[in-house]
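K.L.:
Pasting a structure below so you can have a look.
The values are calculated or read from the model by the stated rules, or taken from the named source; none is laboratory data. What you are looking at is a predicted structure, and each value in this text was computed from that prediction instead of being measured. For neighbour counting, all protein chains shown are included, and Cβ atoms are generated from backbone atoms with ideal geometry for every residue, glycine included. Keep in mind that these areas ignore ligands, DNA and RNA; they rest on the heavy atoms of the full protein, side chains included. Shrake-Rupley method; radii C 1.70, N 1.55, O 1.52, S 1.80 Å.
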Amino acid sequence: MAKNTPDTLSAATRLVTAGRRAEWTGTPAEPGAVVNPPVWRASTHLYPDSAALKAGKANEDGHFYYGRRGAPTQWALADALTTLEPGAAGTMLYPSGVAAVAGALLSVLRPGDTLLMTDNAYEPSRLMGRGLLKDFGIETRWFDPMDPAAFAAAIDGRCKAVLLESPGSLTLEVQDVPALAAAARAKGLAVVLDNTWAGPLGFPALERGADISVMSLTKHVGGHSDLMLGSASAGAAYYAKLRRTAQALGQVISPDDAALALRGLRSMGVRLRQETANALALAEWFAGRPEVARVLCPMLPGSPGHAIWQRDFTGGCGLFSVVFKGKDGSARDAFIDALGLFGIGFSWGGFESLVTPIDPAKLRSATGWPLPGMDAADLFGVRLSIGLEGLDDLKADLAGGLAAWNAA
Ligand SMILES: *Cc1c(COP(=O)(O)O)cnc(C)c1O
């Protein structure tokens, strides 16, 4: 299916035009009559006659067939995400980011295979390795995200795929994706990358060596904390596998959610730029505070993998973590509860700031917590998702949190 937006245009322009095909935003008499593809609510698709019904079975994107294959609202979102991912032949949509991770892994693994998974993977991805995949006879082994040599040495004949996530969840180490992907591909492994943190604007995953780029659209693409969706984009060979698996599992998303995601997508570039600027300013501010042992923020010099972020990434986002110097969980609770502008809750990437406690120790097996070079007493941290509020207001709020931490 031809894209409506050439790859030669800048990402900013593609964000605005991608997926807005004239045939999806108008009628045959007046193509392109409205800006956005309308919400096509449809389970049944109709055929003009028996001959058309028989001819309508080709499994190609962008054709009416039956509701499970979507209609123009979903096609427009998939098409836009494909347009934003250099090297992608297509994108599958899923009802959540976790469903997208599962869909990608199940498309490249079979019973008896081994999956290698980065040790700082998102918790539900980790649980998939220990649960669902194990139940289907797939073994998962975890590796140190910062040690490409150990990763290469861990590959044996049963390894068929690797799940990377860069930066990783909670601790945000930036991995050397090109090196890890090259080692994996040399042995025939499929390289699946959870690219939720940077997205295609910050990290062109397929160009950097991934075979399948997975995103939770719940985060930056939605951007308004009002929807749950996931995506997986791939080049031609892996896209066919992704699509076969997603169709077999009956994955489909609502056209309302697709329309909301398209709305969020149009402003993703400016939101990410603003969040990144706010987050970097706050990360620098935290780094100078006596209460703070470590700031884990890919954009900040000294954070694990910062040099790789500088080399490979073209953008950041508002998500980073802060580890307190000593004290305990109740001091951390005091910090969190003193904040007025930060909602307490899971997820991230919305327009509003959020905070959650992090306890990486229980989520690691190939590496430890605290990270190398950190003091063993510095165990308690928080993850901050910085939104679009005024920087000075956020700083004042966080200073109040640190005062409560000191008083605890
Ligand atoms: C949130 C998240 C997911 C899962 O996305 P949902 O849409 O919440 O299912 C996957 N990977 C990462 C890195 C995430 O932060």
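K.L.:
For the stretch 15-54, which positions are open to solvent by 70 Å² or more (accessible area, probe 1.4 Å), closer than 21 Å to G90 by Cβ and assigned to a loop (DSSP other than H, G, I, E, B)?
P.N.:
Correct list: R20, W40.
To keep it simple, each residue is scored yes or no on (1) within 14 Å of the ligand (Cβ to nearest atom); (2) assigned to a helix (DSSP H, G or I); (3) within 30 Å of G368 (Cα to Cα).
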position	(1), (2), (3)
A76	no, yes, no
G87	no, no, no
A100	yes, yes, yes
G103	yes, yes, yes
L106	no, yes, yes
G112	no, no, yes
L127	yes, yes, yes
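K.L.:
Quick test for you: out of G157, G188, pick the one residue that is part of a loop (DSSP other than H, G, I, E, B) and in contact with a strand residue (DSSP E or B) (Cβ under 8 Å, 6 or more places away or on another chain). Outline the logic, then answer.
P.N.:
Working: G157 fails: in contact with a strand residue (DSSP E or B) (Cβ under 8 Å, 6 or more places away or on another chain).
Only one candidate qualifies: G188.
Conditions tested, residue by residue: (1) of a type in the set (V, I, T); (2) in contact with a strand residue (DSSP E or B) (Cβ under 6 Å, 6 or more places away or on another chain); (3) within 16 Å of the ligand (Cβ to nearest atom).
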{"position": "K327", "(1), (2), (3)": "no, no, no"}
{"position": "I336", "(1), (2), (3)": "yes, yes, no"}
{"position": "G343", "(1), (2), (3)": "no, yes, yes"}
{"position": "G349", "(1), (2), (3)": "no, no, yes"}
{"position": "T356", "(1), (2), (3)": "yes, yes, yes"}
{"position": "L371", "(1), (2), (3)": "no, no, no"}
{"position": "D378", "(1), (2), (3)": "no, yes, no"}
{"position": "I386", "(1), (2), (3)": "yes, no, yes"}
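K.L.:
Further, regarding this structure: Give L172, L189 a once-over and let me know the one that is in contact with a Cys (Cβ under 9 Å, 6 or more places away or on another chain), within 16 Å of the ligand (Cβ to nearest atom) and modelled with pLDDT of 95 or more. First the steps, then the outcome.
P.N.:
On the way: L189 fails: within 16 Å of the ligand (Cβ to nearest atom).
Exactly one of L172, L189 is in contact with a Cys (Cβ under 9 Å, 6 or more places away or on another chain), within 16 Å of the ligand (Cβ to nearest atom) and modelled with pLDDT of 95 or more, namely L172.
K.L.:
Within the stretch 274-285, identify whether any single residue is open to solvent by 30 Å² or more (accessible area, probe 1.4 Å), of a type outside the set (A, V, I, L, M, F, W, C) and at positive phi, and answer yes or no.
P.N.:
No - not one qualifying residue is present in the stretch 274-285.
K.L.:
Oh, and also: Across the stretch 314-340, which residue is nearest to D375 (Cα to Cα) among those that are touching a Pro at 6+ places or on another chain (Cβ under 8 Å) and surrounded by fewer than 21 Cβ atoms within 10 Å (Cβ to Cβ)? First the steps, then the outcome.
P.N.:
At the first step, the residues of the stretch 314-340 found to be touching a Pro at 6+ places or on another chain (Cβ under 8 Å) are 314, 316, 320, 323, 325, 329, 332-333, 336.
Cutting the leftovers down to surrounded by fewer than 21 Cβ atoms within 10 Å (Cβ to Cβ) gives us 314, 325, 329, 333, 336.
Numbers: T314: 32, K325: 9, G329: 16, D333: 21, I336: 22 Å.
If we take residues in the stretch 314-340 being touching a Pro at 6+ places or on another chain (Cβ under 8 Å) and surrounded by fewer than 21 Cβ atoms within 10 Å (Cβ to Cβ), then K325 is nearest to D375 (Cα to Cα).
K.L.:
Cβ contacts < 7 Å: first residue more than 16 Å from G235 (Cα to Cα), restricted to the stretch 99-110; second residue in a loop (DSSP other than H, G, I, E, B), any location; separation 6+ or different chain. Result?
P.N.:
A99/Q251; L109/I138
K.L.:
Condition first: aromatic (F, W, Y) and either within 10 Å of the ligand (Cβ to nearest atom) or in contact with a Leu (Cβ under 6 Å, 6 or more places away or on another chain) (or both). Now tell me which residues in the stretch 194-219 satisfy that. I'd like the intermediate steps shown before the answer.
P.N.:
Taking the stretch 194-219 and keeping what is aromatic (F, W, Y), we get 197, 203.
Once the filter is applied, which keeps residues that are aromatic (F, W, Y) and either within 10 Å of the ligand (Cβ to nearest atom) or in contact with a Leu (Cβ under 6 Å, 6 or more places away or on another chain) (or both), the stretch 194-219 yields only W197.
K.L.:
Separate question: If a residue has to be in contact with a Pro (Cβ under 6 Å, 6 or more places away or on another chain) and touching a residue at least 60 places away in the same chain (Cβ under 8 Å) to count, how many in the stretch 205-245 make the cut?
P.N.:
Keep residues of the stretch 205-245 that are in contact with a Pro (Cβ under 6 Å, 6 or more places away or on another chain), which gives 207-209.
In the following step, the residues that additionally are touching a residue at least 60 places away in the same chain (Cβ under 8 Å) were identified as 207-208.
Residues that pass the stated criteria total 2.
K.L.:
When only residues in the stretch 220-236 that are open to solvent by 20 Å² or more (accessible area, probe 1.4 Å) and over 16 Å from A205 (Cα atoms) count, which is nearest to the ligand (Cβ to nearest atom)?
P.N.:
M228
K.L.:
If you check every pair at least six apart or on different chains, which have Cβ atoms under 9 Å apart with a residue in the stretch 326-341 that is outside any helix (DSSP H, G or I) first and a residue that is among the β-branched types (V, I, T) and open to solvent by less than 60 Å² (accessible area, probe 1.4 Å) second?
P.N.:
Between residues of the stretch 326-341 that are outside any helix (DSSP H, G or I) and residues that are among the β-branched types (V, I, T) and open to solvent by less than 60 Å² (accessible area, probe 1.4 Å), the close pairs are L339/V355.
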